[in-house]
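> Got a structure for you, questions after.
Read the figures in this text as sums done on the coordinates, not as results from a lab. Since the model is a prediction, treat every value here as computed from it, not as a measurement. Reconstructed Cβ throughout: ideal geometry from the backbone, glycine too, with neighbour counts over all protein chains shown.
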Amino acid sequence: MCGIAGIHRMSGAVDHDALVKVADRMVHRGPDDSGVWTHSSGGVGFAHRRLSIIDLTTLASQPMANSSGDKVIVFNGEIYNYRELRQELIQKGRKFRSKSDTEVVLQAYEEWGVESLNRF
């Protein structure tokens, strides 16, 4: 099972090194990979530990950003119908970099907004 963590500060910057330490402390949750992302404004940051199950490549690493970089996700779970949703999104013209269900969640949110939650 993966590990996720986040920090939100009302003022001041999120300490990137602190998030790295958080990710290091969660190594037991995901020994395969880790990642940290902080927003350019400094007020939000995510840490992720990965247990690779679906897409074993680094293309599925998290935190994962969309193609324009304005949406970022950390996700721990399983979307059982992600293959079907992925095909539907491809038919709508979406392009995927990975085979992961996480990217399907991200792209579904871009396509359908909060309505995407009803599709999972």
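> Using Cα pairs under 8 angstrom and six or more residues apart, how large is the relative contact order of the chain, in percent?
22
> Between Leu59 and Met10, what's the calculated FRET efficiency when r is the beta-carbon distance and R0 is 41 Å? Round to 0.05.
Numbers: r = 34 Å, r/R0 = 0.83.
According to the calculation, E is roughly 0.75.
> Run the helix sum for the chain: -39,500 (n - 2.57) per DSSP H stretch of 4+ residues, divided by residue count, reported at 222 nm to the nearest 500 deg cm²/dmol. Walk me through the numbers before you get to the answer.
On the way: 3 runs with 32 residues, N = 120.
Theoretical 222 nm ellipticity from helices: -8000 deg cm²/dmol.
> Magnitude of the Cβ-charge dipole of the range 38-95, K/R +1 and D/E -1, about the Cα centre, nearest 20 debye?
100
> Taking only the Cα atoms of the range 1-61, how large is their convex hull per residue, in Å³? Write out the running numbers ahead of the final one.
Working: hull volume 4.4 nm³, N = 61.
Here the figure is 73 Å³ per residue.
> Binning at 10 angstrom from zero up to the longest distance, how are the C-alpha pair distances of the chain distributed in percent?
14, 42, 33, 11, 0
> Give me the dipole magnitude in Debye, nearest 20, for the chain about the Cα centre, with unit charges on the beta carbon: positive for Lys and Arg, negative for Asp and Glu.
For this selection, approximately 60 debye.
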